[in-house]
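The values are calculated or read from the model by the stated rules, or taken from the named source; none is laboratory data. Bear in mind that the values here come from a model prediction, so they are computed numbers and not experimental data. Counting neighbours? That spans all protein chains shown, and the Cβs are built from the backbone with ideal geometry, glycine included. When the accessible area is computed, the model is the full protein with side chains, heavy atoms only, and any ligands, DNA or RNA have been set aside. Shrake-Rupley method; radii C 1.70, N 1.55, O 1.52, S 1.80 Å.
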Amino acid sequence: GYCSSLKICVIEKSSGHDFVKSSFPPIFFSVQSSIEEATEMLLNDTCNAMTADQTLLLQLASSKQMSDRKFIVGDKLVTKEPLAIVTRNNDREFSDIINWVVQALFYGEEQGLTKNLLLCHNYTNLTSTHISDLKFMNAVYCVGNYGDIFGGYYKHQGKNQMNQINNGTTGMIYAIPFGELENEDVELGANDDTAGTLFDDIRESRLLKCGVLVPEDFDGDIHGSRKLVGMSVDYCRALAAALFHGDVNLVNLITFSNVVSSFAALDNGTIDLLAGGRVERKYDFGNFPFRGGFHFSTPYLYGNEPASDTVGFFALATREDDLLFSSFVNSVVLATIYAQERGITKEKYSEEIPLVTLFGSELKWALRDAISYSGSYNQIYEKNFQSWFMGLYHLLAQATQVAIGLPQIPKYCMDDMNMKFIDRFDRNDLNEDRSPQIHSIAGLSP
């Protein structure tokens, strides 16, 4: 047939490898251990196609060794390949510094700030030694903003959609690839020293203490709340389901109307995590009166502010002194987005939700337990941002049907009508068409 001579070079344990394995019989691909080995196989005609990160393929296609070859780099992306700076997990302060340098580059492009040697200052007059006082905007003034750096290295390519600034009109809900979570080589074993950690204490106590930020004038029932408060409650319960084999009742919801008091409670151990808080630089580092810094999960709600303003990123906050628990919390948030990307709902169970051994064999089903309770990100969002008008309409419509003896409207039809009455900020849509994903976190404005 037309594809009988196809031979694809693919790098082992990559997202491309996963895609090719699920799309082609083994006879059509060859697995290599590195990009260099795959390139060599392509050049000696062992392979006639290659899958890798698009940036790497573009660099390869424009290199001297490919100058006499007529390779074409496709523009259809079949896997996710987000690139980031990786640091060791035994120095969270240094990791925070790296993250805020990247955020400064984003902020510079949003605000139209670029390289300016008049504003590029050294630290000869720095009186504070606290890392939160570092001049992160020096990254922009001394080097350039994100767009400057990107354009300098990829002139031949230009920015694709995802590497552009999000202006609030397209979705930013995006799950990074999970990778290999069911790996016996990294599973927590019986001899691993987890005793005394927060993760271990929560499991032993059989209770998750989840703080929830509420408006100052809040006087309602936390269990029946909607919008941001309701989403925060749902994520607290999803975490309880993940931690305690589906038991969503093993969570104590503690409300706070004052932001500083809520982070103080997280800092002193009154609560295990905080839901509904904004991601901000001042809480990322261990500033007085807090003993240490805080870790923020992937955001689960974005504000609708213009790109040039401070956009609200709302996430789950944990203390930085327990990496395992912070990682677990983030994995649950990502799992809800992962479920939406794949059309998985709490009513429609799927084995596509990965098993995970990173947190111990007892929690192998943690992510599946979470989704069995919460469903996908879209289900959580729609539950909490459905228009009150549509809710009232449902009640009246169903009551009228029962009263006059008409058959009830099928649930799937009601669901279709619901979609028209959801109060949704555009950033909270799924980023499935490679729309702009770049925006800085609050805390860099003068």
Restricting the stretch 269-288 to residues that are at pLDDT below 75 and of a type outside the set (S, T, N, Q), the one farthest from V333 (Cα to Cα) turns out to be F288
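Taking the stretch 281-301 only, how many residues are closer than 27 Å to L243 by Cβ and over 15 Å from the mean Cα position of the chain (by Cα)?
To start, the set of residues in the stretch 281-301 that are closer than 27 Å to L243 by Cβ comprises 283-284, 286, 290-301.
Still in the list and also over 15 Å from the mean Cα position of the chain (by Cα): 283-284, 286, 290-294.
Within the stretch 281-301, residues that are closer than 27 Å to L243 by Cβ and over 15 Å from the mean Cα position of the chain (by Cα) number 8.
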Residues of the stretch 269-301 being in contact (Cβ under 8 Å) with a residue 60 or more places away in the chain, open to solvent by 20 Å² or more (accessible area, probe 1.4 Å) and among the aromatic types (F, W, Y), in sequence order, are none
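On the basis of being in contact (Cβ under 8 Å) with a residue 12 or more places away in the chain and open to solvent by 40 Å² or more (accessible area, probe 1.4 Å), does L355 make the cut?
Working: in contact (Cβ under 8 Å) with a residue 12 or more places away in the chain: yes; open to solvent by 40 Å² or more (accessible area, probe 1.4 Å): no.
Considered against the rule, which asks whether it is in contact (Cβ under 8 Å) with a residue 12 or more places away in the chain and open to solvent by 40 Å² or more (accessible area, probe 1.4 Å), L355 comes out as no.
Against the definition (touching a residue at least 40 places away in the same chain (Cβ under 8 Å), surrounded by fewer than 19 Cβ atoms within 10 Å (Cβ to Cβ) and within 19 Å of the chain's Cα centre (by Cα)), how does N304 come out, yes or no? Explain how you work it out, then say what you get.
Values: touching a residue at least 40 places away in the same chain (Cβ under 8 Å): yes; surrounded by fewer than 19 Cβ atoms within 10 Å (Cβ to Cβ): yes; within 19 Å of the chain's Cα centre (by Cα): yes.
Answer is yes for this residue.
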### Query
Looking at this structure, is T114 hydroxyl-bearing (S, T, Y), surrounded by 14 or more Cβ atoms within 10 Å (Cβ to Cβ) and more than 20 Å from the chain's Cα centre (by Cα)?
yes
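What about L228, is it in contact with a Cys (Cβ under 9 Å, 6 or more places away or on another chain), closer than 23 Å to Y338 by Cα and at pLDDT 85 or above?
Numbers: in contact with a Cys (Cβ under 9 Å, 6 or more places away or on another chain): no; closer than 23 Å to Y338 by Cα: yes; at pLDDT 85 or above: yes.
Answer is no for this residue.
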Test: I97 is within 30 Å of Y141 (Cβ to Cβ) and of a type in the set (A, V, I, L, M) | yes
For I380, the lone unmet condition from (1) open to solvent by 10 Å² or more (accessible area, probe 1.4 Å); (2) of a type in the set (A, V, I, L, M, F, W, C); (3) closer than 13 Å to Y300 by Cα is (1)
Within the stretch 307-320, of all residues that are open to solvent by less than 10 Å² (accessible area, probe 1.4 Å) and not β-branched (V, I, T), the one farthest from D91 (Cα to Cα) is G312
(request) Can you confirm whether the stretch 206-218 contains a residue that is over 27 Å from Y373 (Cα atoms), open to solvent by 40 Å² or more (accessible area, probe 1.4 Å), touching a strand residue (DSSP E or B) at 6+ places or on another chain (Cβ under 6 Å) and of a type outside the set (A, V, I, L, M)? (result) no
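Among the candidates F359, F313, F328, which residue alone is of a type in the set (A, V, I, L, M, F, W, C) and within 29 Å of G108 (Cβ to Cβ)? Break it down into steps so the answer makes sense when it comes.
On the way: F359 fails: within 29 Å of G108 (Cβ to Cβ); F328 fails: within 29 Å of G108 (Cβ to Cβ).
When all the criteria are applied, what remains is F313.
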